[in-house]
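> Dropping a structure here in structure tokens format, bear with me for questions.
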Amino acid sequence: MSIFLPKYPSVLKLLYPKRISRIEDNNAIFLTFDDGPIPEITPWVLDLLEDYSAKATFFCIGENVEKHPEIFRSILEKKHTVGNHTYNHLNGWKTCKAAYIANTQKTQQVFTTNKFFPETKFFRPPYGKIMNAQARELVEQDYKIVMWDVISGDYDLNISAETCYRNVIKNAAAGSTIVFHDSEKAFKKLREVLPRVMSYYAEKGIAFKSLTDAPLKDQ
Ligand SMILES: [Zn+2]
């Protein structure tokens, strides 16, 4: 049984104030989808978001964008936000600073090749693992580092869809940044859990916004 922490530990919020986790917004939840774009899965997410007039943020892997540029462009056409999740899902704890930064920049170049020139460069470290020196350099290069407030556990093969759903609704409220994955590994659970999560919060009158529409202030 793997152990994961559904809530982002508050001690980390204190240690790393520049990393975005919870957002000051009383009316919205910020859904994020990591590791795509992937055929059939990302389009399925996009259709569901559309049903709720929802906006979300997709932390894309550079090599997946190269493989599936048409899906990447449809994310943008539907006015969602796109963020950088490295070129090939790098683990920052196992990668030297220069290689980590170069890998992130390479992904940003893939974005611009696909005619996406973001006003705000959002970045989420794969596995949440990033070293201080890497983070500092990215912040210097105007990236906004996005962690999360609640992690769904959709990728965790040891938990059921029901547990995953309960994790989310127990921990997330307006202002939460929730991590899901538009990946093959997570899809079996995502397909079941995401519609339920969206319906649950929509019934409470909570909207779903992308990070572009988030009140980030000085974060
Ligand atoms: Zn990831």
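> If you scan the range 104-153, which residues turn out to be aromatic (Phe, Trp, Tyr) and closer than 18 Å to residue 13 by Cα?
122, 123, 127, 143, 148, listed by residue number.
> Before we move on, is residue 101 of a type in the set (Val, Ile, Thr), farther than 30 Å from residue 202 by Cα and surrounded by fewer than 22 Cβ atoms within 10 Å (Cβ to Cβ)?
Working: of a type in the set (Val, Ile, Thr): yes; farther than 30 Å from residue 202 by Cα: yes; surrounded by fewer than 22 Cβ atoms within 10 Å (Cβ to Cβ): yes.
Taking the combined requirement at face value, the residue satisfies it.
> State all residues of the range 84-119 that are in contact (Cβ under 8 Å) with a residue 40 or more places away in the chain, within 13 Å of the ligand (Cβ to nearest atom) and out of contact with any Pro (no Cβ under 8 Å at 6 or more places or on another chain); if no residue qualifies, say none.
Selection gives 84, 107.
> If you take the residues in the range 190-219 that are assigned to a loop (DSSP other than H, G, I, E, B) and of a type in the set (S, T, N, Q), which one is modelled with the lowest pLDDT?
Checked the range 190-219; the qualifying residue modelled with the lowest pLDDT is 219.
> Let me ask something else. What number of residues within the range 79-103 are farther than 20 Å from residue 179 by Cα and out of contact with any helix residue (DSSP H, G or I) (no Cβ under 6 Å at 6 or more places or on another chain)?
Total meeting the criteria: 8.
> Another question, then. Within the range 174-196, how many residues are free of Cβ contacts under 8 Å to residues at least 40 places away in the same chain and more than 16 Å from the ligand (Cβ to nearest atom)?
Within the range 174-196, residues that are free of Cβ contacts under 8 Å to residues at least 40 places away in the same chain and more than 16 Å from the ligand (Cβ to nearest atom) number 3.
> Still on this structure, I have one more. Which of the helices (runs of 4 or more DSSP H) found entirely inside the range 1-99 contain at least 2 residues meeting this: in contact with a Gly (Cβ under 9 Å, 6 or more places away or on another chain)?
Filter on the range 1-99 gives 41-51, 62-67, 69-77.
> If you don't mind, another one. Identify all residues within the range 120-145 that are in contact (Cβ under 8 Å) with a residue 60 or more places away in the chain and either more than 19 Å from residue 183 (Cα to Cα) or more than 16 Å from the ligand (Cβ to nearest atom) (or both); write none if there are none.
The answer is 120, 122, 135, 139, 144, 145.
> Restricting to the range 58-81, give me the number of residues that are closer than 16 Å to residue 210 by Cα and within 14 Å of the ligand (Cβ to nearest atom).
Result for the range 58-81: 3.
> Moving to a separate point now. Taking residue 170, is it surrounded by fewer than 16 Cβ atoms within 10 Å (Cβ to Cβ), touching a residue at least 24 places away in the same chain (Cβ under 8 Å) and among the charged types (D, E, K, R)?
The answer is yes for residue 170.
The values are calculated or read from the model by the stated rules, or taken from the named source; none is laboratory data. Since the model is a prediction, treat every value here as computed from it, not as a measurement. As a convention, Cβ positions derive from the backbone with ideal geometry for all residues, glycine included, and neighbour counts pool all protein chains shown.
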